[in-house]
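Read the structure below first, then the notes.
The values are calculated or read from the model by the stated rules, or taken from the named source; none is laboratory data. Since this is a predicted model, take the numbers as computed values, not measurements. Note: ideal-geometry Cβ built from the backbone for every residue, glycine included; neighbour counts use all protein chains shown.
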Amino acid sequence: MADPMRIRASMSGDKVEVRVLMSHEMETGQRKDASGAVVPAHFIQNVTVTHGGKTVLSAQWGTSISKNPFMHFRFKGGKPGEKVTISWVDNKGDRRSDEAVISGG
Amino acid sequence: MNEKRRELLKAASGSGVLALAAAAGLIKPGDAFAQQWNKAAFDTKSFAATLKALGASGSTESAQIQITAPDIAENGAVVPITIESAIPKTDTIAILIEKNPNTLSADFDIPAGTDPFITTRIKMAETSNIYAVVKADGKYYHAAKEIKVTLGGCGG
Amino acid sequence: MPFHRLPAAVLVGVLAAIPCICVAQQDAQKEVERYRQLLAEGNPADLFEARGEELWKTPRGPKKASLEQCDLGLGAGVLKGAFAQLPRYFADTDRVQDLESRLVTCRVSLQGIDPAEAVRNPFSAPGRPSDMEALASFVAGQSRGMKLAAPLRHPKEIEAFQTGEQLFYRRAGPHDFACVSCHGENGKRIRLQELPKLTDPHDAQKIFTTWPAYRVSQGSVRTMQHRLYDCYWQMRHPQMDYISEASIALEVFMAKYANGGEIQAPGLKR
């Protein structure tokens, strides 16, 4: 399983501000290794962010999101102490889900 | 996902059918909630073709979409980009990199209550226009920004 | 043709040719600064720091021990400030060691890992992460904000400095290059990458202390050992072996000029 995400969720006014770093190769499928063989594509295809059982952000990604992806976004309705859960699935079916507690800001 | 699974998921209306299908080995448990991935759109190779695949061919330019990114990226592997839409009822934001081998980079769904604001990092193969394509209230809008990609040197 | 009607490309070319007024270059530099600032809000090195902490605390190797008793110079298990006082002389190995060489010592002595195995994968490749990069990120981060204070007192530390000095200035190889060729003057650059004058504390204090760093062009944290290896490759000198005496000597030499600088590691670079 991939390394855990680093998630920071904090209050910014009445919004929850989230910054997340994910650990993933995001291999494009266009790179060749030392022997000249093409390294197969291996990249996160879907990302879902939930809070209180509700999806607050979802995304479809292609191979041109950078390695070790980073995202920063904001949503309303969260309070300190509540949890934000971020999940991803990649094109090989690997998945990862991590959560963070919203801090006071 | 293969055709059999797709048909099954479309036809299924209750968990009964899916359970049977899972038992038959046609789908794996969890596939029922497998998320969509718009392969056709991620395969396109031009701004126009991507718009078409997204159903956004009638997109109009809008000054209400702000793209924040450096004019010059020291390295094309990691280019920071922020897109913010001031258009009311924005519900999707897509990032397109015109000169990349595949134009579509990402497509974000913005539910109500979430700011139409996203920062991420993209890979750019070469100097190119970046397009932000926004869907708001059923209509499509876009903005563009050119980012130059350089080879920075030694990386110290 | 009036000057202002010339095509833009020609104008830029003409302007660039005027000494002292390099408008295009300065604008480019500002934009590169902006690029670096925009990247600062999320450093992928955080992922390496987290993994390094886990590696530090997890019992491993034949002796099934963690690295928590590793002595990095300030006593067994003391992490805070240890990186700020490296490289330094260690009595137990009777030699000057840097962070990575000391981590290898601990992996061998505390965890019982075979010495060859401990240095087998110092620099990660896609799909092949390096424990050393993660550990170095974690330990360096424990000195974040402190001033570099590598000692230069013990005879072997002084000897290392002198060896490093020789290496820094001695031109060799097919390009007749030495470190000083790129790092001996203020204001030099390669394409858009500024080159610090490493014997000028003004530059050294700001730059030396940002290693290890996540290098976006490498897609990984890279350490000072990798930086030296890469420089030696760039100069077409013989390969700089991992944690060799020569590499540590160069670090001791550089640290002298960088001492006093604030540690901002792990950093983020191109």
request  = Name, by its number, the condition in (1) surrounded by fewer than 15 Cβ atoms within 10 Å (Cβ to Cβ); (2) outside any loop (DSSP other than H, G, I, E, B); (3) facing chain B (nearest Cβ under 8 Å) that does not hold for A:N46.
outcome  = (1)
message = For the stretch C:181-199, give me each residue that is more than 20 Å from C:Q26 (Cβ to Cβ) and surrounded by fewer than 16 Cβ atoms within 10 Å (Cβ to Cβ).
response = C:S181
task = Test B:D109 against the criterion of being of a type in the set (D, E, K, R) and at pLDDT 95 or above, and give yes or no.
result = yes
ask   = Which condition breaks for C:R189 when tested against (1) in a helix (DSSP H, G or I); (2) at pLDDT below 95?
value = (1)
note = Residue count, the stretch C:123-163, condition assigned to a loop (DSSP other than H, G, I, E, B) and over 27 Å from A:A2 (Cα atoms), comes to 10
ask   = Taking the stated definitions as given, is A:D3 under 22 Å from A:I86 (Cβ atoms) and more than 8 Å from chain C (Cβ to nearest Cβ)?
value = no
request  = Could you please let me know if A:G104 is more than 12 Å from the chain's Cα centre (by Cα), under 23 Å from B:T90 (Cα atoms), more than 7 Å from chain B (Cβ to nearest Cβ) and in contact (Cβ under 8 Å) with a residue 40 or more places away in the chain?
outcome  = no
inquiry  = Checking the structure you have, find out if any residue of the stretch B:137-150 is under 25 Å from A:V16 (Cβ atoms), touching a Phe, Trp or Tyr at 6+ places or on another chain (Cβ under 6 Å) and not hydroxyl-bearing (S, T, Y).
reply    = no
ask   = Quick one: how many residues across the stretch C:95-118 are in contact with a helix residue (DSSP H, G or I) (Cβ under 7 Å, 6 or more places away or on another chain), surrounded by fewer than 22 Cβ atoms within 10 Å (Cβ to Cβ) and in contact (Cβ under 8 Å) with a residue 24 or more places away in the chain?
value = 3
Options C:D203, C:D176, C:D241; residue that is under 30 Å from A:R31 (Cα atoms), among the acidic types (D, E) and out of contact with any Cys (no Cβ under 7 Å at 6 or more places or on another chain) = C:D241
task = Go through the stretch B:113-142 and count every residue that is facing chain A (nearest Cβ under 9 Å) and in a loop (DSSP other than H, G, I, E, B).
result = 5
note = Output for Cβ contacts, cut-off 6 Å, separation at least six or different chains, first residue assigned by TED's automatic domain parsing to the domain that holds B:K99 in the stretch B:130-145, second basic (K, R) and surrounded by fewer than 21 Cβ atoms within 10 Å (Cβ to Cβ), reads B:I130/B:K145; B:A136/B:K89; B:D137/B:K89
message = Considering only residues that are of a type outside the set (V, I, T), part of a loop (DSSP other than H, G, I, E, B) and over 19 Å from B:K139 (Cα atoms), which ones fall in the stretch B:100-112?
response = B:N100, B:P101, B:N102
task = Those residues that are touching an Asp or Glu at 6+ places or on another chain (Cβ under 6 Å) and of a type in the set (S, T, N, Q), I need them from the stretch C:224-254; list them, please.
result = C:Q225
request  = Considering each residue of the stretch B:47-99, count those that are within 14 Å of chain C (Cβ to nearest Cβ) and assigned to a loop (DSSP other than H, G, I, E, B), and give that number.
outcome  = 8
